[in-house]
Amino acid sequence: MKTGDAVFGVCDVGQEGAYAEKIAIKAAIVAKKPNSVSHVEAAALALIGLTALVTVEDTLHLKSGETILIQGGAGGVAGFAVQLAKHIGARVITTASAANHDYLYNLGADEIIDYNAQDFTEVVSNCDAVFDTVGGDVAQQSFAVLKPGGRAAFIASGPNAPEPPRDDVQSLRPKVSRDRAHLARIIDLVQAGAVRVPEITRYPLSEAAAAHRVSEARHLRGKLVFDVR
Ligand SMILES: NC(=O)c1ccc[n+]([C@@H]2O[C@H](COP(=O)([O-])OP(=O)(O)OC[C@H]3O[C@@H](n4cnc5c(N)ncnc54)[C@H](OP(=O)(O)O)[C@@H]3O)[C@@H](O)[C@H]2O)c1
């Protein structure tokens with residue numbers, strides 16, 4: 001990188017303050033933003049990409065030919081994970097309300113369960129891996145769809161992975177790093193056409209409170225980005 005390059009990244013763990021025009025951040029945890037990716041797209045991709053990569057590749061070690069259930073497919077992290085898992089060569093099952101099914105088929109999902117109409121534990125079984133981005137009861141029930149030896153990763157159940165109700169599967173809590181290598185891999189995947197930028201909803205920073213209400217309602221599709229000015 002050289003002076004004047006545009007960069008992107010995610011604040012270090014414990015550092016707050018990204019709702020700002022300027023922020024100081026360690027050079028080691030940002031990467032060069034190519035001209036082909038806009039600032040808004042880079043902002044949308046950074047945390048979801050880091051989280052999906054660390055979970056699917058570094059934690060679950062998903063392999064070609066395996067089957068993964070990704071809970072909450074229409075969210076930002078899960079949408080990236082659906083595409084990454086397809087790129088790896090896995091079969092991808094995901095859950096979403098009916099209005100989001102076309103969106104997810106377009107991202108490459110093989111099978112989509114409308115969780116409002118069907119109990120996923122009755123229609124999914126024998127998975128090699130689960131990636132849960134929903135939490136709560138959905139997290140606990142997810143263990144039921146794993147085959148013996150299966151792995152499940154959880155990012156919406158707090159700092160620790162939930163206790164599994166069976167002893168033949170793994171319950172994992174990804175440690176989502178901030179580092180240039182993972183950010184560069186996000187860009188490589190986007191430039192290769194393997195991963196598309198999520199659907200982006202933009203809010204002016206002055207409407208941050210309204211944006212938070214939308215985010216906290218947990219039905220936003222894709223990712224929310226603030227226009228700082
Ligand atoms: N480093 C980390 O550990 C890390 C990083 C990023 C995010 N997270 C956490 O990961 C979670 C996901 O974050 P996100 O920003 O990607 O998405 P999000 O905004 O929390 O999720 C929104 C999506 O969840 C879906 N959804 C809600 N309830 C559902 C259910 N019962 N079953 C299936 N889908 C459901 C909604 O789709 P429908 O409208 O179709 O229901 C919506 O599109 C959050 O808890 C977040 O705090 C953790």
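The values are calculated or read from the model by the stated rules, or taken from the named source; none is laboratory data. The structure displayed is predicted, hence computed values, not measured ones. Glycine gets a Cβ as well: all are built from the backbone with ideal geometry, and neighbour counts include every protein chain shown. To get the accessible areas, we keep the full protein, side chains included, count just its heavy atoms, and leave off ligands, DNA and RNA. Shrake-Rupley method; radii C 1.70, N 1.55, O 1.52, S 1.80 Å.
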GluC sites (Glu not before Pro), loop per DSSP, at most 13 other Cβ atoms within 10 Å - longest free stretch of the chain: 22-229
Report the residue, chosen from 75, 150, 193, that carries the largest GNM mean-square fluctuation when the chain is represented by alpha-carbon nodes joined by springs under 10 Å. 193
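Which number gives the lysine pairs in the chain that have C-alpha atoms under 16 Å apart and are eight or more places apart or on different chains? List each step's numbers first, then the result.
Working: 2/26; 2/32; 2/33; 63/86; 63/147.
So the count of such lysine pairs works out to 5.
With all protein chains present and a 1.4 Å probe, how do 203, 19, 115 order by accessible area, largest first?
Values: 203 40, 19 125, 115 100 Å².
From most accessible down to least: 19, 115, 203.
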Students often get this wrong: which residues of the range 166-195 have the backbone nitrogen under 14 Å from the point 7 angstrom along Cα-to-C-beta of residue 32? 181, 184-185, 187-188
Residue by residue through the range 209-224, the couplings from Karplus 6.51 cos²θ - 1.76 cosθ + 1.60 with θ = phi - 60°, in Hz, x for Gly and Pro, are 5, 5, 5, 5, 5, 4, 4, 5, 6, 6, 10, 6, 8, x, 9, 9
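For the chain, take the alpha-carbon Rg, divide it by the Kirkwood Rh, and send me Rg/Rh.
Details: Rg = 17.5 Å, Rh = 18.1 Å.
Taking Rg over the Kirkwood Rh, I get 0.96.
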Along each principal axis of its Cα atoms, how long is the range 103-162 end to end? Whole angstroms, biggest number first, please. 32, 24, 21
Once phi for every residue in the range 28-34 is put through the Karplus expression 6.51 cos²θ - 1.76 cosθ + 1.60 (θ = phi - 60°), the whole-Hz ³J(HN,Hα) values, with Gly and Pro written as x, are 5, 10, 10, 9, 5, 8, x
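R0 = 41 Å: FRET efficiency of residue 21 with residue 213, Cβ-based, nearest 0.05? If you can, show how the numbers build up before the last one.
Working: r = 24 Å, r/R0 = 0.58.
Computed FRET efficiency for residue 21 and residue 213: 0.95.
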Could you give the radius of gyration (one decimal) and Dmax (whole number) of the Cα atoms in the range 55-172, in Å? 12.7, 37
Pop out the ³J(HN,Hα) list for the range 71-83 in order, Karplus 6.51 cos²θ - 1.76 cosθ + 1.60 with θ = phi - 60°, rounded to Hz; leave Gly and Pro as x. 7, x, x, 7, x, x, 4, 5, x, 5, 5, 4, 5
If you place +1 on the Cβ of every Lys and Arg, -1 on the Cβ of every Asp and Glu, and leave all else neutral, what size is the dipole of the range 55-172 about its Cα centre, to the nearest 20 Debye? 240 debye
Net dipole in debye of the chain [+1 Lys, Arg Cβ; -1 Asp, Glu Cβ; about Cα centre; nearest 20]: 860 debye
Amide H within-cut-off set for residue 70, under 5 Å, with H built and near neighbours excluded: 93, 94, 95, 131
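Inverting the mean 1/r over all pairs of different Cα atoms, compute the Kirkwood radius of the range 152-229 and quote it in Å. Working shown, then result.
Details: mean 1/r = 0.0630 Å⁻¹.
Computed over the range 152-229, the radius equals 15.9 Å.
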Where does the charge balance sit around residue 65 when Lys and Arg score +1, Asp and Glu -1, over other residues with C-beta under 10 Å from its C-beta? 0
Taking amide H atoms as placed 1.01 Å from N in the peptide plane, list the residues 5 or more away in sequence, or in a different chain, whose amide H sits under 5 Å from that of residue 195. 190
